[in-house]
1. Any idea how many residues of the range 3-35 are in contact with a Ser or Thr (Cβ under 7 Å, 6 or more places away or on another chain), surrounded by fewer than 23 Cβ atoms within 10 Å (Cβ to Cβ) and among the aliphatic types (A, V, I, L, M)?
2. Criterion first (at pLDDT 95 or above and surrounded by fewer than 16 Cβ atoms within 10 Å (Cβ to Cβ)) does Arg60 satisfy it?
3. Of the residues Ala151, Ala187, which is under 26 Å from Ala91 (Cβ atoms), in contact with a Ser or Thr (Cβ under 9 Å, 6 or more places away or on another chain) and open to solvent by 50 Å² or more (accessible area, probe 1.4 Å)?
4. Can you name the condition, by its number, that Gly82 falls short on among (1) small (Gly, Ala, Ser); (2) surrounded by fewer than 18 Cβ atoms within 10 Å (Cβ to Cβ); (3) touching an Asp or Glu at 6+ places or on another chain (Cβ under 8 Å)?
5. Considering Leu76, Leu111, which residue is at pLDDT 95 or above, open to solvent by 70 Å² or more (accessible area, probe 1.4 Å) and of a type in the set (A, V, I, L, M)?
Amino acid sequence: MALTLHWSPKSPYVRKVMVVAHELGLVGQLRLVRSVAAMLRPNPAIMADNPLSKIPTLVRTDGSTLFDSVVICEYLNDLGRGTLFPTAGEARWQALRWHALADGLLDTLILWRNERERASPLAEMMAAFELKVRATLRLLEAESPALAASALSIGTITVGCALGYADYRFAKLDWRASAPQLAAWFARLSERPSFRATEVVEG
């Protein structure tokens with residue numbers, strides 16, 4: 001019996017899970033169920049497995065469920081005996097710190113997009129989102145040498161997924177113009193088969 005994943009090709013959080021699954025050779029064990037998780041329209045099919053109506057949600061072979069992308073990623077890492085979650089020392093804290101930073105960046109980008117799509121976006125809110133996003137990109141640019149020197153981890157994967165989402169939803173942000181080292185690192189990361197196979201697409 002396969003693991004069942006509530007999935008969408010547009011979700012950067014789902015992409016994080018799928019990158020991990022590709023890296024660990026576990027994609028063949030996943031049954032992907034196309035699921036729409038809209039903020040204003042809770043999905044009964046998702047809610048049968050996750051009362052928060054959020055994706056990704058993983059249903060394990062025994063019927064139990066796991067929520068939140070990082071929990072699912074850690075489960076897959078354990079299942080595949082991977083090394084994407086360093087277990088000790090500075091490598092662990094750096095990976096978790098980058099993960100938290102990039103997940104926060106994703107949260108901010110999604111809230112920014114939601115505000116942007118409103119009939120009358122609040123200018124102060126839009127400005128605050130942009131300020132936070134650009135500050136985060138400046139920090140990542142400063143840390144790009146450390147990103148480049150680090151082994152692939154949940155931290156570097158999540159940074160990559162966040163930058164990919166910025167490209168997908170915020171092309172006018174033009175983040176590469178002010179972050180050339182980060183852009184070079186992201187270009188190399190994007191050549192990995194796991195990232196090529198999970199590129200955010202319409203559909």
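1. The first filter runs over the range 3-35 and keeps only residues in contact with a Ser or Thr (Cβ under 7 Å, 6 or more places away or on another chain), leaving 3, 6-8, 13-19, 22-23, 31, 33-35.
So of that shortlist, the ones also surrounded by fewer than 23 Cβ atoms within 10 Å (Cβ to Cβ) come out as 3, 7-8, 22-23, 31, 33-35.
Filter once more, so that each one left must be among the aliphatic types (A, V, I, L, M): 3, 33.
Selection size over the range 3-35: 2.
2. yes
3. Working: Ala187 fails: in contact with a Ser or Thr (Cβ under 9 Å, 6 or more places away or on another chain).
Just a single option satisfies the conditions, and that option is Ala151.
4. Status for Gly82: all satisfied but (2).
5. Working: Leu76 fails: open to solvent by 70 Å² or more (accessible area, probe 1.4 Å).
That would be Leu111, the only listed residue that is at pLDDT 95 or above, open to solvent by 70 Å² or more (accessible area, probe 1.4 Å) and of a type in the set (A, V, I, L, M).
Rundown of residues vs (1) under 18 Å from Asp174 (Cα atoms); (2) in contact (Cβ under 8 Å) with a residue 60 or more places away in the chain, yes/no style:
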{"residue": "Leu109", "(1), (2)": "yes, yes"}
{"residue": "Arg113", "(1), (2)": "yes, no"}
{"residue": "Met125", "(1), (2)": "no, no"}
{"residue": "Val133", "(1), (2)": "yes, no"}
{"residue": "Thr136", "(1), (2)": "yes, no"}
{"residue": "Leu140", "(1), (2)": "yes, no"}
{"residue": "Ala148", "(1), (2)": "no, no"}
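The values are calculated or read from the model by the stated rules, or taken from the named source; none is laboratory data. Predicted model, so just to flag it, every value in this text is computed and none were measured. All Cβ positions, glycine included, derive from the backbone under ideal geometry; neighbour counts span all protein chains shown. Heads up: the accessible areas ignore ligands, DNA and RNA and are worked out on the full protein's heavy atoms, side chains in. Shrake-Rupley method; radii C 1.70, N 1.55, O 1.52, S 1.80 Å.
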